1. Rounded if a/c is under 1.5, else prolate if a/b beats b/c, else oblate: with a ≥ b ≥ c from the C-alpha gyration tensor eigenvalues square-rooted, which is the range 45-91?
2. Quick one: of the DSSP bridges fully inside the range 3-90, what percent are antiparallel, nearest 5?
3. In whole Å, largest first, what are the principal axis extents of the Cα atoms in the range 3-90?
4. Sort 45, 75, 18 so that the residue with the fewest other Cβ atoms within 10 Å of its own Cβ comes first and the one with the most comes last.
5. Any chance you could run the full-extension gain for residue 47 through residue 74? It's 0.36 nm times the residue separation minus the Cα-Cα distance, nm to one decimal.
6. If you build a Gaussian network model of the chain, linking Cα atoms that sit under 10 Å apart, which residue out of 74, 53, 44 swings the most?
7. What number, rounded to the nearest 500 deg cm²/dmol, is the helix-based mean residue ellipticity at 222 nm of the chain, given -39500 (n - 2.57) per DSSP H run of at least four residues and division by all its residues?
8. I want to verify a result. In a Gaussian network model of the chain, Cα cutoff 10 Å, which of these has the top mean-square fluctuation: 78, 65, 12?
């Protein structure tokens, strides 16, 4: 597993990102989305994740339709919203 921090642009704003090569989904902090006045959407399905405490976490919100720019290349994507305490974005 490779863990590192990189800077990317999300909708034109620079963001520090925690990157984990084993992550299967991209996540963004609720507080960070709200601080940037981005729109949080309810999704039509629940994402159930396992946690280190063996307590499942159910997530039902996302930040959809945003653009991210990494090394000059722009992609359209979405992020699953959840509460983080240590970082704002996980790719």
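Each value in this text was obtained by applying a stated rule to the coordinates, not by laboratory testing. All values derive from a computational prediction rather than experimental measurement. Every residue, glycine as well, gets a Cβ built from its backbone with ideal geometry; the counts of neighbours run over all protein chains shown.
1. Judged from the Cα gyration tensor, the range 45-91 comes out prolate (a/c at least 1.5, a/b above b/c).
2. Within the range 3-90, antiparallel bridges account for around 85 percent of the total.
3. 38, 28, 21
4. Going from sparsest to densest Cβ surroundings: 45, 75, 18.
5. In short, 7.1 nm is gained.
6. 53
7. Per the formula, -1500 deg cm²/dmol.
8. Maximum fluctuation in the GNM of the chain, among the listed residues, is at 12.
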